[in-house]
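Only one structure is covered here, and it is reproduced in the block below.
Read-outs: derived from the displayed coordinates by stated rules, not from any lab. Remember, predicted model here, so these are calculated numbers, not experimental data. Note that we place each Cβ from the backbone using ideal geometry, even for glycine, and neighbour counts take in every protein chain shown.
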Amino acid sequence: MYFRKKTSGGRAYLQIVESRREGAAVRQQVIATLGRIEDLKESGQLERLLRSGARFADKAIVLDALDRGEATVVSTRRVGPALAFERVWEETGCRAVIERLASERGHEFSLERAAFLTVLHRLVCGGSDRAADRWRDDYRIDGADGIELHHLYRAMAWLGEELPKDQQDAATPFAPRCVKDVLEEELFARRRNLLTTLDVVFMDTTSLYFEGAGGQTLGRRGFSKDHRPDLNQMILAVLLDGDGRPVCTEMWPGNTADVTSLIPAIDRLQRRFRINRVCIVADRGMISAETIAELEARRLLYVLGVRERTDKLVRDLVLDDPAPFVPFVLMKPRREVDYEAKAVTLAGRRYVVCRNLDQMAKDAADRATIVANLERQLKKGDKSLVGNKGYRRFLKDPDGDGFSIDRERIEEDAKFDGVFVLRSNADLSPREAMLVYKQLWTVERTFRTTKSLLDTRPIYHKLDETIRGHVACSFLALVLKKELEDRLAAADRGARASWPAVMADLDSLTETEVEQDGKRFLLRSAPRPGASLALSALGVALPPTMRQIPDA
């Protein structure tokens, strides 16, 4: 039954019509003609009729009262992030593993809910545990209402707590085994099957600085990648599998050098995850002669980046090798990129020279622009050129009489256009080695995510165990983020919504609690596109647009 506008003789009338099915046909029957629409509006009869009928429809009453400002709004809470990530938290095994590990302890609060609250906060906006305690007041998270700030601190301490001495078999000289290590191992075991291997492991490290001492052992002065040498720091390593899924994290004192940490990390990885064959993919910062010699002595496979500009053998011999390149095309989300690669063996070492032809053209064009500007500036005088690094690298002043363009240096610089060089002992074709190494960028993107999106730094905790727990929550956030990204990609929706758009749209989904005539109702907002995509990919149903809260 519905209202219908009927025009006759140039006048509009309002009718109540009922649809009826007669056999295979649907027919409309006019129940009543209420009169001319303009007359009904002017007299107020239409509004009185609708208000009178609304008495028998709670939803209409609430919406009408809310529209007229007569309903009482009790609270408005955001529900999108918890709706989406509760499902991922469940299906990745995070909930079950934490509940099992926590069941061995007699805490009077839910460690699992405290951990989930912290992880969800990292995903949505990041920040400290104190900020998470204030933040959750605006969100509806099942089971989190009784969680207080000191519970969050205790959850961090539990995640980073050292295991008993008889469970320290996989410890390294830099880090003991902790609860978070068992959590990482069980999460990996849950998704492990006959096809799940760790033949390829991507590893990179970064430094995280502290606002304070930084724990009993972790906080030390060292080379700061954050450009904060004035603060204590620790070293964080993240290891990903060949599919880009986070496997585990390692934390070392801030004065630990990358080149000394790689081998202990590999040893621990093999013991923790019971794997035999490993191919390590790491960046240039982890390379040293001693590290490579140790890898080869242990018969471990590796694909390592090389400093092509500073390594004399690579610069003078490998790049000048006359062997032809093999061209191929790499498919990227919105375009094709032309590459070429070749293998060069010198002094018993196998190198792979890779060249991005698009980057090569860009580097050549940038250098040509610099040289053209340099020639114009030299005509005006050369004193202003000294402070410009872009200019200075192509200048020479052999006699001290004035600067001139160094053509030999320009020709030498062209050798590096679009080039990166790898060293490997793995039985991989040049194309395979290049593709494997490019996946290391996944780890670098993970660090950018960890530092900015998840806001891991700076760290304010003062104890080693709470610091380790703080980072463990960021690791769990990465696990959930990767799972949702994979679900979106599997549903062919990944290219239609960026991660920031998905998170912003999930965060905009709200439920407003309204009180009217002694009854309480929840009104859900309309989902934005990114939220709809995420919830659909996860198989999560939206709650009703309006529902009544049952009396307690």
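Observations on the structure shown:
- Listed by Cβ neighbour count within 10 Å, with the fewest neighbours leading, SER224, SER429 appear as SER429, SER224.
- Remark: the ALA213-ARG520 segment gains 105.5 nm on full extension, using 0.36 nm per residue and subtracting the alpha carbon distance.
- Summarising the label geometry, the points placed 7 Å from Cα in the beta-carbon direction at GLN29 and ALA490 lie 5.2 nm from one another.
- Least to most buried among ILE549, ILE266, ILE98, ILE37 (fewest other Cβ within 10 Å first): ILE549, ILE37, ILE266, ILE98
- Per-residue Cβ neighbour rank within 10 angstrom, fewest leading, MET156, MET203, MET234: MET203, MET156, MET234
- Separation of the alpha carbons by more than 29 angstrom is noted, of LYS312/LYS380; LYS342/LYS396; LYS312/LYS342, for LYS312/LYS380; LYS342/LYS396.
- Net charge of Cβ neighbours under 13 Å - reference GLU148; Lys, Arg +1; Asp, Glu -1: 0
- Zone of PHE325's modelled label, taken as backbone nitrogen in the stretch 345-382 under 19 Å from a point 7 Å along Cα→Cβ: 345, 351-368
- Cα-projected label distance for TYR460 with VAL17, points at 7 Å along beta-carbon direction, nm: 6.3 nm
- Those aspartates and glutamates that a straight Cα-Cα span of less than 15 Å connects to LYS165, excepting residues fewer than 8 apart in one chain: ASP181
- For the stretch 2-55, size of Cβ-based charge dipole, Lys and Arg +1, Asp and Glu -1, in debye: 120 debye
- Relative contact order (percent, whole number), the stretch 2-55, Cα cutoff 8 Å, 6+ residue spacing: 26 percent
- All distinct Cα pairs of the stretch 2-55 go into the 1/r average, and the inverse of that average, the Kirkwood radius, is 12.4 Å.
- Given charges at Cβ of Lys, Arg, Asp, Glu: the stretch 2-55 dipole, positive-most of THR33, PHE3, SER19: SER19
- Extending 7 Å from Cα along the Cβ direction at GLN168 and again at ASP243 yields two label points whose distance is 3.5 nm.
- Sorting the segments 120-133, 288-301, 349-362 by their residues' average number of neighbouring beta-carbon atoms within 10 angstrom, most packed first, yields 120-133, 349-362, 288-301.
- A straight line joining the Cα centroids of the stretch 209-262 and the stretch 100-116 runs 28 Å.
- Additional length obtainable on full extension of the chain from ARG221 to LEU49, 0.36 nm per residue less Cα span: 54.3 nm
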